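Here's the structure we're looking at; comments come further down.
The values are calculated or read from the model by the stated rules, or taken from the named source; none is laboratory data. Just so we're clear, the structure is a prediction, and the values are computed from it rather than from any experiment. Note that we place each Cβ from the backbone using ideal geometry, even for glycine, and neighbour counts take in every protein chain shown.
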Amino acid sequence: MKFEIVREDCRKFPNQGIKLPTRKTINSAGYDFYSNENVFVKPNETHIFWTDIKADVGNLDLYLQISIRSSLAKEGLCLSNGIGIIDADYYDNESNDGNIGIMVTNLGNNYVKIQSGDRIAQGIICLYYVMDDDVTPKLKKRTGGIGSTGK
C-alpha cells in the first residue's frame, strides 16, 4: 500500500511540489491530506480540492475512507457527500490516474480560509466484506474517475 503523485498529464498543480499524506503521531489512524491552493470557501459554497495524489490500497478488500478534519468541521466545512470512499480500482484509472479530489461545502456563516499546505482531510484505510450470496455484475475495468461507477 502506498500514496503516489498522479502522472503528469493528470495533475491539476503541475508546477508545484505535492506533499504526500502523513500521519502526525504513531497512533493516528488517519493520513492527513494537504491543500495545494489558497482558497476562501464562502458560506453555502462547494469547492473541490484536487490533491494530485492517488492511493494504491493494494488489496480489493480495502478502500480509503476520506473524512473532513474535525478542526474544519468546527468552521462549518463538511465533505459534500458526507464521506469519501476511494475504491481500490480508482487507482490508475484512465481518465484521471486516480487523482483524489476532496469536495467540501461550507455550511457555516463565515468564509473559511484554506492556505496551500493546510491539512484539509484525513484518509483511513478500511477493510470491507461482501455478502456470502453477493452477485456482482461482470464489469469492465474502471476507466472513469469520480462518479464513474454510477453511469
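Out of the stretch 1-15, which residues are of a type in the set (D, E, K, R) and touching a strand residue (DSSP E or B) at 6+ places or on another chain (Cβ under 7 Å)?
Taking the stretch 1-15 and keeping what is of a type in the set (D, E, K, R), we get 2, 4, 7-9, 11-12.
Of everything in the stretch 1-15, those that are of a type in the set (D, E, K, R) and touching a strand residue (DSSP E or B) at 6+ places or on another chain (Cβ under 7 Å) turn out to be LYS2, GLU4, LYS12.
Search the stretch 94-114 for residues that are more than 18 Å from SER35 (Cβ to Cβ) and surrounded by fewer than 20 Cβ atoms within 10 Å (Cβ to Cβ) and pair each with any residue that is modelled with pLDDT of 95 or more and of a type in the set (S, T, N, Q) when their beta-carbon atoms are under 8 Å apart and the residues are at least 6 apart or on different chains.
LEU107/ASN44
If a residue must be touching a residue at least 40 places away in the same chain (Cβ under 8 Å) and within 14 Å of the chain's Cα centre (by Cα), how many such residues does the stretch 20-39 contain?
Looking only at that region, the number is 8.
Looking at the stretch 70-86, is at least one residue surrounded by 17 or more Cβ atoms within 10 Å (Cβ to Cβ), in contact with a helix residue (DSSP H, G or I) (Cβ under 7 Å, 6 or more places away or on another chain) and either without any contact (Cβ under 8 Å) to a residue 24 or more places away in the chain or within 23 Å of LYS2 (Cβ to Cβ) (or both)?
no
Specify the residue that is nearest to ALA73 (Cα to Cα); the eligible residues are those in the stretch 20-55 that are of a type in the set (Asp, Glu) and buried (at least 17 other Cβ atoms within 10 Å of the Cβ). I'd like the intermediate steps shown before the answer.
Within the stretch 20-55, the subset of a type in the set (Asp, Glu) is 32, 37, 45, 52.
Now narrow it down to the ones that are buried (at least 17 other Cβ atoms within 10 Å of the Cβ): 32, 52.
Details: ASP32: 15, ASP52: 23 Å.
Checked the stretch 20-55; the qualifying residue nearest to ALA73 (Cα to Cα) is ASP32.
Among the strands (runs of 3 or more DSSP E) lying completely within the stretch 63-137, list those that include at least 1 residues that are among the charged types (D, E, K, R).
Passing ranges, in order: 84-87, 112-114, 119-127.
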